[in-house]
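To keep things clear, I will list the structure first and then write my remarks on it.
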Amino acid sequence: MEHWNYCLARLESELPPQQFNTWIRPLQIPDSQPSGTLQLFAPNAFVLDWVKKHYLQDIESYLQEYDSETAPKVRLEIGSTRKPQQDKQPATSRNTEEKHRNNNSDNESEDLLININHSFTFENYVEGKSNQLARAAGMQIGESPGTAYNPLFIYGGTGLGKTHLLHAIGNLIAKQTPHYKVLYLHSEGFVTEMVKALQHNTIDAFKQRMRSVNALLIDDVQFFAGKERSQEEFFHTFNALFESQQQIILTSDRFPKEVDGLEDRLKSRFGWGLTVAIEPPDLETRVAILMNKAQKLFGVELPNEVAFFMGQRVRSNIRELEGALRRVVANAQFTGRPITLDFAKEALRDMIAAQDKVITIENIQKIVADYYKIRSSDMLSKNRSRTIARPRQIAMALAKELTNHSLPEIGNAFGGKDHTTVLYATRKVNELKETDNRIAEDYKNLLRTLSH
């Protein structure tokens, strides 16, 4: 166990949080170990294969680093350390199939596909590096629900496409497995329905409804935080569906173990399957999303230079990208003018000005200091220790990227630094983003926070 704890600490310090949370954190170690062996349980074949391919060599290296003489041999297997629970009445697809056969086609989609938005599909979900893994896992679940990753837990910031992906999976399940009953609910909807059931003494009917589905899609589970009665009911619903091998898909704005006010037993269950992140889209993906939405929503061919301008200026999330696009298209329709670069700049002038007003050097310094848990005054100091100097360099690089201030102005705002110091900091951070995954992840997180 000491070997593995050391290994975990090293992996957490070396890997970006998203990679560590997705691939390393789900690994479990049984209490009883064969002699000379470190047995690790992966929740499914996908995680097992990925860890073997990308991290096994590092794991073995860190074990040797801890103690070369006693380093155990790693044995990766699919399994779990949790104790099997008592069997419960399964949510049978047999009853659903019978219902499907007896109902006419008009009632079929209403009975079997509940709250699913038919316009959210994989066909209009733009893929990029930021959502590649989540999309691939979602498609595999859609084609074979209940067999691949259960539960699938998708997390990421607001407006990054989690809800679209959730509905896309639901639509694909309905297409591939027409007799399956698929239910989508926002977590607040789950709470509201449960409260009504308690008020009207229909809680048994509510339980039956939740546990008789073949796929349960719950959006924004962080809203369960602090609601003990709702968490209790969802806990039992989760167990009933999981044990009868019905598909569960959940979304949240953060990694499950980081959701305050959520019971540990729920957090533990959320990690039984596959946990994947959706990150803010990169520039190329933002441009592709804009051009795709312009065509699909408005029938407009967005010029490349306009799409790139909008993608560069609106970085925070997809929802704001769509809002900017709607403004540009609406202005063009009202005025009858073509969508050119100058026209887009004019249409978005107020939005961009408001964004620029929020992003000040002082605000950047405060957010970066909070992120790295140092004092804002450290940004202005001459302290050259790595723990202070690196955040200061990142703040300078962000100031150069996100504001219109000159290098001398930025340097002056950092305690009277020379403009060459700002230039060096920017170059250094750009180099580190290419070679240091942790710095790249930190910079991306800060960029998202500041651009939101």
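Some notes on this structure:
- Antiparallel DSSP beta bridges within the chain, as percent of all bridges there, nearest 5: 5
- Residues 382, 73, 207, ordered by accessible area of protein heavy atoms at a 1.4 angstrom probe radius and largest first, appear as 382, 73, 207.
- Here the gap between residue 257 and residue 53, fully extended at 0.36 nm per residue and compared with their Cα-Cα distance, gives a gain of 70.9 nm.
- Computed from the C-beta positions of residue 9 and residue 264 and an R0 of 30 Å, the FRET efficiency is 0.90 to the nearest 0.05.
- Accessible surface, the stretch 290-357, averaged per residue in Å² (probe 1.4 Å): 55
- Accessible surface ranking that places the most exposed of 195, 422 first, with a 1.4 angstrom probe: 195, 422
- Within the accessible area of the chain (1.4 Å probe), percent carbon and sulfur: 47
- Assuming charge only on the beta carbon of Lys and Arg (+1) and of Asp and Glu (-1), the dipole of the chain about its Cα centre is about 660 debye to the nearest 20.
- Of the labelled figures (1) 26.5; (2) 25.0; (3) 19.3, only one reflects mean projected area of the Cα convex hull in nm² as derived from the coordinates, namely (1).
- Relative contact order of the chain: 14 percent, from C-alpha pairs under 8 Å at least 6 residues apart in sequence.
- Dipole-positive endmost among 152, 310, 172 within the chain (Cβ charges, Cα centre): 310
- Near residue 256, once Lys and Arg are set to +1 and Asp and Glu to -1 for all other residues with Cβ below 12 Å from its Cβ, the sum equals +1.
- Here the stretch 258-325 was treated as a single set of alpha-carbon atoms; its pair distances binned every 10 Å from 0 give 19, 37, 15, 20, 9, 0 percent.
- Around residue 48: net Lys/Arg minus Asp/Glu count, Cβ-Cβ under 13 Å: +1
- Using a simple spin-label model with pseudo-atoms 7 Å out from Cα toward Cβ, residue 409 and residue 434 lie 2.9 nm apart.
- With 31 Å as the limit on Cα-Cα distance, the pairs of 257/428; 257/293; 267/296; 53/373; 53/257; 382/433 that go past it are 257/428; 257/293; 267/296; 53/373.
- Neighbour net charge for residue 141 - beta-carbon separation under 14 angstrom, K R +1, D E -1: +1
The values are calculated or read from the model by the stated rules, or taken from the named source; none is laboratory data. Being a predicted model, the structure only gives us computed values, none of them experimental. We place every Cβ from the backbone using ideal geometry, glycine too, and count neighbours over all the protein chains shown. The accessibility values were calculated without ligands, DNA or RNA, using every heavy atom of the protein model including side chains. Shrake-Rupley method; radii C 1.70, N 1.55, O 1.52, S 1.80 Å.
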